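The values are calculated or read from the model by the stated rules, or taken from the named source; none is laboratory data. If you're wondering where the values come from, they're calculated on a predicted model, not measured in any experiment. In this analysis, Cβ positions are derived from the backbone assuming ideal geometry, glycine residues included, and neighbour counts consider all displayed protein chains. Protein only, heavy atoms only, side chains kept; ligands, DNA and RNA dropped before computing areas. Shrake-Rupley method; radii C 1.70, N 1.55, O 1.52, S 1.80 Å.
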Amino acid sequence: QVQLVESGGGLVQAGDSLRLSCAASGRTFSQLGMGWFRQAPGKEREFVAGVTWRSNTYYSDSVKGRFTISRDNAKNTVYLQMNSLKPADTAVYYCAASRTTASPLETGYNYWGQGTQVTVSS
């Protein structure tokens, strides 16, 4: 079992930056694929970024070039650095862990955090 706790969300203005953190416990973190998803009001949850256990990274087209996912295996933590934020980035952001690899599909993940709200005002 893996427990995931997200932090770092908040209210910012367009163009600002935020860094989300996701602390993991309960399983060898270095063996997990990790991902960030988000869900805006009235929309389905969507893939944002993923990082494999080898630290290969993947991004959705909507955030590529603005967001950076990274992991610190010594701290059992995955980060999502979000720059040049837009109102369209407003959503609840979820951290997810996979026993296999990072995937753009929700079904590829076994564990989920509770989410952290990010609100970007114009």
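What to note about this one:
- Looking at the range 44-117, the accessible area is 51 square angstrom per residue; that uses a 1.4 Å probe and ignores ligands, DNA and RNA.
- Mean separation of Cα pairs under 8 Å and 6 or more residues apart, divided by the residue count, gives the chain a relative contact order of 36 percent.
- For the range 16-122, the set of trypsin sites (Lys or Arg not before Pro) satisfying both a DSSP loop assignment and a count of at most 12 other C-beta atoms within 10 Å is given as K43, R54, K64, K75.
- Using the Cβ of V2 as centre and a radius below 11 Å, the other residues enclosed give a net charge of +2, where K and R count +1 and D and E count -1.
- The fraction of Cα-Cα pairs per 5 angstrom bin, counted from 0 for the chain, comes to 2, 13, 24, 27, 19, 10, 4, 1, 0 percent, rounded to whole percents.
- Computed Kirkwood radius, in angstrom, where 1/r is averaged over Cα pairs of the range 58-122: 13.2 Å
- Listed by chain and number, the aspartates and glutamates whose C-alpha is less than 20 Å from the C-alpha of K64, apart from same-chain residues fewer than 8 away, are D16, E44, E46, D89, E106.
- Of the accessible area of the range 1-78, computed with a 1.4 Å probe over protein heavy atoms only, carbon and sulfur atoms account for 43 percent.
- Note on S30 and D72: the model spin-label points, each 7 Å out from Cα along the C-beta direction, lie 1.7 nm apart.
- Take every DSSP beta bridge whose two residues both sit in the chain; close to 90 percent of them are antiparallel.
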